[in-house]
Amino acid sequence: MTDRQANNAMNESLWTISETSLDPQGQHHAETIFTIGNGYLCTRGALEEGYAGDRRATFIHGVFDAAPIVVTELANAPDWLPLSVHAAVAGAGGALGPYERFSQDRGQIAGYRRTLDLRQGVLTRRLEWTAPTGGRLALTFERFAALDQPHMLLLRCRVVPDLLGRLQFRASLNGYAHNDGLLHWRYVAQGLDPASGAASLHTRTRHSGIDLVTAMRLVTAASAEHSRAYWDTENAPTLVVEVEAVPGQEVVIEKYVAVYTSRDAPAGQLCAAALGAVSAVPGWDAAVAGNRAAWETEWERTDVEVEGDDEAQIALRFNLFQMLIAAPRRDDRVNIGAKTLSGFGYRGHSFWDTEIFMLPLFTYTAPHIARNLLNYRHRHLAGARAKAQANGFEGAQFPWESADTGEEVTPTWVPHSADRARLVRIWTGDIEIHISADIAYAAHQYWAVTGDDAWMAAKGAELILDTARFWATRAEWNAAAGRYEYRDVIGPDEYHDHVDNNLYTNRLAQWNLQTALGVLDWLRGYAPERAAELSSQLDLGPERLAHWRHVIDKIYLPAAPDGLLEQFEGYFQRTDVDLASLEPRTKSAQELFGIEGVADTQIIKQPDVLMLLYLLRDQFAAAVVRRNYEYYTPRTDHTYGSSLGPAIQAIMACAVGRPDEAYGHFIRAARADLRDVRGNAGDGIHGASAGGTWQAAVFGFGGLRVTPKGWHTEPCLPQHWRRLRFRFCHRGQPVVIDLEHALTP
Ligand code: BGC
């Protein structure tokens, strides 16, 4: 190997995630981390031929359907993956023996390796399989969702037989896909298109009435077909191809699949669109090239390079990849769910995870995606207004969990995790109200970083003004204390619910009101007609604005005199538990103490006050940041609390000049799914942690700050990092930050 080859191999390995054995116990975790996608849909890494107990799933943005308890969920789309391989050995005299179906739980497996190439989103599985009755096959499966052709999915299987006889391939589209047993799809029609030889399946969601047509075409390369058949099995149309097996001669089967839904085009046009798309595929190599070129553009904008730490490098790219495959590029009617499109967890619902944890990546590197996500919120202002009104308030109160309609979809009761016969009341949909300010914050940040005045005038201002209206009417005047309060809320730290005056909520509400006044002033100068229109629509007369100023002035912000901020009123009176003394532990503090028990302590699920200090960084003195960092860090359940915490904790550790401590938190966030730190990665990627990982690298170690004066960096690299390089776009100008670190001997 030359130096250059060695270098290339090394670089390749910094772009791949691999496994060398299939662990049936860990298959759901593997399915999550081997998810592929293209921002239109994602498909979990289940095996083409299936495996007992697998959780096969393809989730398409916006394709929700009603479900008991959880209100609505992303409907697991008809399965496009099925491709089974069967081998028959010719006996003496040429007579074929029975077909043996290839499966990883039968026969013998050697040389197994599954690799996800993050650079171009291709998942490859290689292995050698010896059938129980003898006869060996070397198999390679490759699949990807074309980034340049969002409706196209491609799958290829290459087989080198070590036998004489015949190979049979059965490729299906399976309309029986389900969500944990719940069938969302009704069969509508299927058929074979004689002109192209493609098969199609038309299904419709039971409640939301979304039509979906998927089509497939099977292409045999490098060998002559012996026969081809169409099996008209209802709801699982199947194309069957047989080819001769000759020892050492490779057989290649390509399955081209297209998916269209009535969210994309009128239902009557879907079949023609899907059949047209699979017929138009120019071939595997050309499709690969188109996909690769599209990925190159994405990585050019997004990649973060780390030298001196291969694990961090790969993990960062993995997390960025997860964000990129979930990001809606062409659709502003959808948002990203807390578990992206990679699992059943949280049913595809979106939370503040998007605005506070994922959105910054897009705001800084792909503003068009950030804009789509914010437009989704703008489209759902009606739902937010209805929620506020139903609760007796004015303005826009965004739902804690949101899906396709913009109404609140947080389940009210869910089965207890340890005892499914017991129900637990979920209060977040009722009282975790900070999300309205989080959305306003994200809209403002998008404006500050991109300078997109037109968007701010058209949409952002309305988001910020109408959430401000909500905050002002939700604020309760405490006449005895002469202050405004927000009572009975849940802050980011969900170990404590029904608290009064959560500082994060109160301070961000105040920020929302202050910012709204500033935005209105700006709008009056920038677009007076729009300002007048919004003022009349939202009734922003002098009286209301005076009330806003009063709330801003008199809002209660709990704090001790020495700069220690109080997470909520009365927090310091809760029992102070030495969390460190409970180590080593394998359970969250909530599991150890119980839901009520942990609420009586000062242990927190995620850094609530530090989160506020992070978001409003410029408003707090360094000494205040330090004092609160020192107080809250040992009281936070970093390992088993919320996965949202570690990335922010890392940034705040950098803020107090502790890069190595920051690294511990950063790597915990970066590993969250790769190493299944919380044991629930099988439910899907922790999207907030993935987005937070980017923020920890860029705003934490890179120390990037954008202020009205421009941008600057205050780097704080971990000891062993030699270099950190990333890009972003500031007010339309691309910027490359390249930080080198002189290592101390
Ligand atoms: C966290 C929330 C988060 C939600 C979805 C909860 O466990 O406490 O902050 O929004 O998960 O990720």
So, first residue not assigned by TED's automatic domain parsing to the domain that holds residue 477 in region 537-566, second residue part of a helix (DSSP H, G or I) and of a type in the set (A, V, I, L, M, F, W, C), Cβ within less than 9 Å, six or more apart or across chains; the pairs are none
Residue 366 passes all but one of (1) in contact with a strand residue (DSSP E or B) (Cβ under 9 Å, 6 or more places away or on another chain); (2) under 22 Å from residue 45 (Cα atoms); which number fails?
(2)
I'm told residue 69 meets every condition in (1) surrounded by fewer than 22 Cβ atoms within 10 Å (Cβ to Cβ); (2) on the phi < 0 side of the Ramachandran plot; (3) of a type in the set (A, V, I, L, M) except one. Can you identify the failing condition by its number?
(2)
Residue ID - farthest from residue 534 (Cα to Cα), chosen from residues in region 363-379 that are more than 16 Å from the chain's Cα centre (by Cα) and hydroxyl-bearing (Ser, Thr, Tyr):
365
Could you list, ordered by first residue, the pairs with Cβ atoms under 7 Å in which the first is in region 346-362 and assigned by TED's automatic domain parsing to the domain that holds residue 689 and the second is of a type in the set (Lys, Arg) and in a loop (DSSP other than H, G, I, E, B), at least 6 apart or interchain?
346/339
Taking residue 369 as the residue in question, decide whether it is more than 16 Å from the ligand (Cβ to nearest atom), in a helix (DSSP H, G or I) and in contact with a Lys or Arg (Cβ under 7 Å, 6 or more places away or on another chain).
yes
Listed by range, strands (runs of 3 or more DSSP E) wholly within region 16-92 having at least 2 residues that are within 18 Å of residue 140 (Cα to Cα) and of a type in the set (S, T, N, Q) are 16-19
Can you tell me how many residues within region 669-694 are within 16 Å of the ligand (Cβ to nearest atom) and crowded, with 24+ Cβ neighbours inside 10 Å?
14
I'm trying to understand the selection: among the residues of region 616-638, which are within 14 Å of the ligand (Cβ to nearest atom) and either farther than 18 Å from residue 582 by Cα or free of Cβ contacts under 8 Å to residues at least 60 places away in the same chain (or both)?
636, 638
Among the residues of region 640-668, write down those that are within 16 Å of the ligand (Cβ to nearest atom) and in contact (Cβ under 8 Å) with a residue 40 or more places away in the chain.
640, 641, 642, 643, 644, 645, 646, 647, 648, 649
How many residues are among the aliphatic types (A, V, I, L, M) and part of a loop (DSSP other than H, G, I, E, B) when one looks only at region 693-743?
3
All positions within region 147-183 that are outside any strand (DSSP E or B) and among the charged types (D, E, K, R)
148, 180
Looking only at residues in region 679-733 that are without any contact (Cβ under 8 Å) to a residue 12 or more places away in the chain and more than 25 Å from the chain's Cα centre (by Cα), which one is nearest to residue 660 (Cα to Cα)?
714
So is residue 401 in contact with a helix residue (DSSP H, G or I) (Cβ under 8 Å, 6 or more places away or on another chain) and more than 15 Å from the ligand (Cβ to nearest atom) or not?
no
Of (1) more than 16 Å from the ligand (Cβ to nearest atom); (2) over 20 Å from residue 437 (Cβ atoms); (3) outside any helix (DSSP H, G or I), residue 569 satisfies all except one. Which?
(2)
Have a look at 200, 227 and point out the one that is assigned by TED's automatic domain parsing to the domain that holds residue 128, touching a residue at least 60 places away in the same chain (Cβ under 8 Å) and of a type in the set (S, T, N, Q).
200
For residues that are among the aliphatic types (A, V, I, L, M) and touching a Gly at 6+ places or on another chain (Cβ under 9 Å), scanning just region 702-745, find the one that is nearest to residue 454 (Cα to Cα).
737
Whether any residue in region 376-398 is within 16 Å of the ligand (Cβ to nearest atom), out of contact with any strand residue (DSSP E or B) (no Cβ under 9 Å at 6 or more places or on another chain) and not assigned by TED's automatic domain parsing to the domain that holds residue 264 is what I want to check.
yes
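The values are calculated or read from the model by the stated rules, or taken from the named source; none is laboratory data. Because the structure is a prediction, the values reported are computed rather than measured. Quick reminder, even Gly has a Cβ in these numbers, built from the backbone with ideal geometry, and neighbours come from all protein chains shown.
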